[in-house]
């Protein structure tokens, strides 16, 4: 594959040109409360071309929003519903490799398998430009251990890597090479020493850390060898704040509800998730999961065991967001380590 | 590309009172094209009532060439209460069919045992009607049906025709008898000694409250019926019907896609007993 290079100055021009070619340019931007969140910067130039850490929220919130309209209810009485289409062309810029892996898993789930049209439409009109990591995003991040960073292997259209003189550029898709072709002049061929520089960054990044044996982990969980007392502790600590499921880049669960004003209204879909007791409760009041510890257990089992069987890789990408947000100090990384260590002993 | 969440319009043709809190709705397609919703016994639909959202219901009758379908609905929440208030000729939305069917290829020329509790008779009725429609393809049929009180029994008139069907036995029981009742009392399991079918060659179908399914399976296994010949129709909260919303998920399976009909052998793999 062609290896390219772009200078910091040319990147600014590249971004400016990209903005003319989309409806929304979703990029990391510094918020007024001094953190970084993905937002539309098409018309305001607030995007950060490079940044430390990761966005508080993941790009998920643009493809599976917290709430989104599915249908316009033209007449409730006559049951006339019109699909709400979203054909906006979006470019996601500066997406971290962990979130790129999450998007790949979400694509498998929402697009490649039996397709969910509202997600598929948005996904297929989107372009993803990744920005690889040269250091840990935070002390909670464990992307390398979960095989999702510091470089994205697939799932991006373009990937930028910050090096001393500018950015090293990987092309990850046909869409990516078409974008480059249109602005060919801004790019140069990458010098061989850049590859060496990247190798050194990776060496520094991975010094002293080991990949998690996620297949072994999945097996232990599947065979129900995790001590019951571990699930008990997790259940007690969870206060059902829903922070984990709101921030997790691979959480995909939702509910559907109507908002009506007279005979007209909207059918909405909103993010939902397993920590809530009502998530599995039926209209009559009974639920197959009456104990709270089993709600969180679903979350862990799904991400660390079931998806390994389904997709060959865990759907926890090690971004660390759930750890940062949890008021009960539930820590999926410590959970993983303690489960694996208990096996060794 | 098909929008999976877009309902088809159906008209309420008839409302039938079943119990003090349940009605059967006979629905017909709003437009003339009846080919859009073809289902098999055991599957379910998602009903749409704009303003109240959506909820899953099992097809309660066997497929009909005119594209008509039936659902039996107990009043338990906002949507079902509103549905009960609708009148004949009102329009509602239906999407589907969803889920797997009963194992129709495995049951021909076999003895069949149906065990139902309360409104759990609804999904079994779609198969029972299918069996009676093609009676020569099936051997002996026994139906055990329990409910709380005599007035809580669904399909009272139709059950009488089942009782008169050759090669068919129907056993009814109630938890709380009233003055009109001179039949059996107690849980469905109390009627199991009456079963005459050969446990080695009979297919068993159960549907009812979770506790009924759990204990009925335990007792039926003791009589020698085989794990992979016992099927239960499971009830779960669900929103999408296509394995996306996550509500009915259990250990990598989705009740809406992989179920709602599971053999007991499959249920054990999923770590569920009802």
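Of all DSSP beta bridges confined to chain A, the antiparallel ones make up roughly 75%.
Taking Cα atoms only, the orientation of helix B:210-222 departs from the longest principal axis of chain B by about 30 degrees. For chain B, modelled as a GNM with alpha-carbon contacts under 10 angstrom, which of B:105, B:178, B:219 fluctuates the most? Ranking B:105, B:178, B:219 by mean-square fluctuation puts B:105 first.
Fewest-first ordering of A:180, B:144 by other beta carbons within 10 Å of each residue's beta carbon gives A:180, B:144. Highest mobility in the GNM of chain B, judged by mean-square fluctuation with C-alpha springs under 10 Å and restricted to B:36, B:108, B:68, is found for B:36.
Springs join every pair of Cα atoms under 10 Å in this Gaussian network model of chain B, and among B:148, B:135, B:200 the largest mean-square fluctuation is at B:200. Taking the longest Cα principal axis of chain B as reference, the axis of helix B:121-133 is set at about 80 degrees.
Against the empirical curve 2.2 N^0.38 Å, the C-alpha radius of gyration of the protein assembly as shown lands at a ratio of 1.11. Computed per residue of the protein assembly as shown from DSSP H runs no shorter than four, each worth -39500 (n - 2.57), the mean residue ellipticity at 222 nm is -7500 deg cm²/dmol.
Going from the fewest other Cβ atoms within 10 Å to the most, the residues B:18, A:309 appear in the order A:309, B:18.
Over the range B:8-98, the pair-distance histogram of Cα-Cα distances with 10 Å bins from zero comes to 17, 57, 25, 1 percent, rounded to whole numbers.
I need the fraction of alpha carbon pairs in chain B separated by more than 25 Å, rounded to a whole percent. That tail contains 45 percent of the Cα-Cα pairs.
Only the coordinates and a few stated rules stand behind these numbers; no lab work does. None of the values given here were measured: they were computed from a predicted structure. Backbone-built Cβ (ideal geometry, glycine too); neighbour counts: all protein chains shown.
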